[in-house]
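Okay, so here's the structure we're looking at.
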Amino acid sequence: MDRNGSIETAGGHIASRLGRRSVVLIGLMGAGKSTVGRRLAQRLDVPFQDTDTEIEAVSRMTIPELFAAYGEDEFRALERRIVARLAAEGPQVLATGGGAFMSEETRSVLATRAVTVWLNADLDTLMERVMRRNNRPLLKTGDPRETMRRLMETRYPVYGLADITVHSRQVKRETVAEEIVEALDRHLDPVSVAVSA
């Protein structure tokens, strides 16, 4: 596709083809959901929201503080509520935490309110990114790489249920965003252009 022609047109029409659905990015920590998501939202001319940012805003605590104070189960319950609320506010691009899509309840909500996009990254890419900052509660272990590998084993089969999969790798975030635009253009029903809600 001509990057200055048909893709530009695709980006301009995808928001209307989404109707009220959100584009929800899923994947492990370090996959690029927030950085790619912001660029994708600009390309589609829709708002961008991050569930982790919203969780921190409503709880007035950081994610590590929430994990420490209430444990993962309580955090996941709050996360489910936030994802469901935000997904209903589309069209938009919504970045979710790495564990959000593991909830069957959340997957059911997103099946009707969103187009889900899995940013699939390999272990080396994820580790190179997440080790830049020390703010990942699930990696507070003696062997973060092994922890990440186990998370991949557990979560990747579930992430594979997403509507679209795009390979996240060491390229510019604009490149990955454009690949998502192309995938959305292929995925969305052209007939839905006429549907306003």
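The values are calculated or read from the model by the stated rules, or taken from the named source; none is laboratory data. Every value quoted in this text rests on a predicted model; they were computed, and no experiment measured them. Ideal geometry is used to build each Cβ from the backbone, glycine not excepted, and the neighbour counts take in all protein chains shown. Accessible surface areas use protein heavy atoms only, side chains included; no ligands, DNA or RNA. Shrake-Rupley method; radii C 1.70, N 1.55, O 1.52, S 1.80 Å.
Results, tabulated for the structure shown:
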item: Residue in region 160-167 that is more than 30 Å from residue 17 (Cβ to Cβ) and either among the small types (Gly, Ala, Ser) or in a strand (DSSP E or B) (or both) present; result: no
item: Residue ID - surrounded by the most Cβ atoms within 10 Å (Cβ to Cβ), chosen from residues in region 122-142 that are at pLDDT 90 or above and touching a helix residue (DSSP H, G or I) at 6+ places or on another chain (Cβ under 8 Å); result: 126
item: Of residues in region 32-87 being part of a loop (DSSP other than H, G, I, E, B) and out of contact with any Lys or Arg (no Cβ under 8 Å at 6 or more places or on another chain), the one most open to solvent (accessible area, probe 1.4 Å); result: 60
item: Selection status of residue 110, in a helix (DSSP H, G or I), modelled with pLDDT of 95 or more and of a type in the set (A, V, I, L, M); result: yes
item: Given (1) in contact with a helix residue (DSSP H, G or I) (Cβ under 8 Å, 6 or more places away or on another chain); (2) open to solvent by 20 Å² or more (accessible area, probe 1.4 Å); (3) modelled with pLDDT under 95; (4) farther than 19 Å from residue 38 by Cβ, index of the condition residue 148 fails; result: (2)
item: Any chance residue 171 is aliphatic (A, V, I, L, M), closer than 22 Å to residue 35 by Cβ and open to solvent by 10 Å² or more (accessible area, probe 1.4 Å); result: yes
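Residues checked against (1) at pLDDT below 90; (2) over 30 Å from residue 179 (Cβ atoms):
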{"position": "26", "(1), (2)": "no, no"}
{"position": "37", "(1), (2)": "no, no"}
{"position": "46", "(1), (2)": "no, no"}
{"position": "54", "(1), (2)": "no, no"}
{"position": "67", "(1), (2)": "yes, yes"}
{"position": "70", "(1), (2)": "no, yes"}
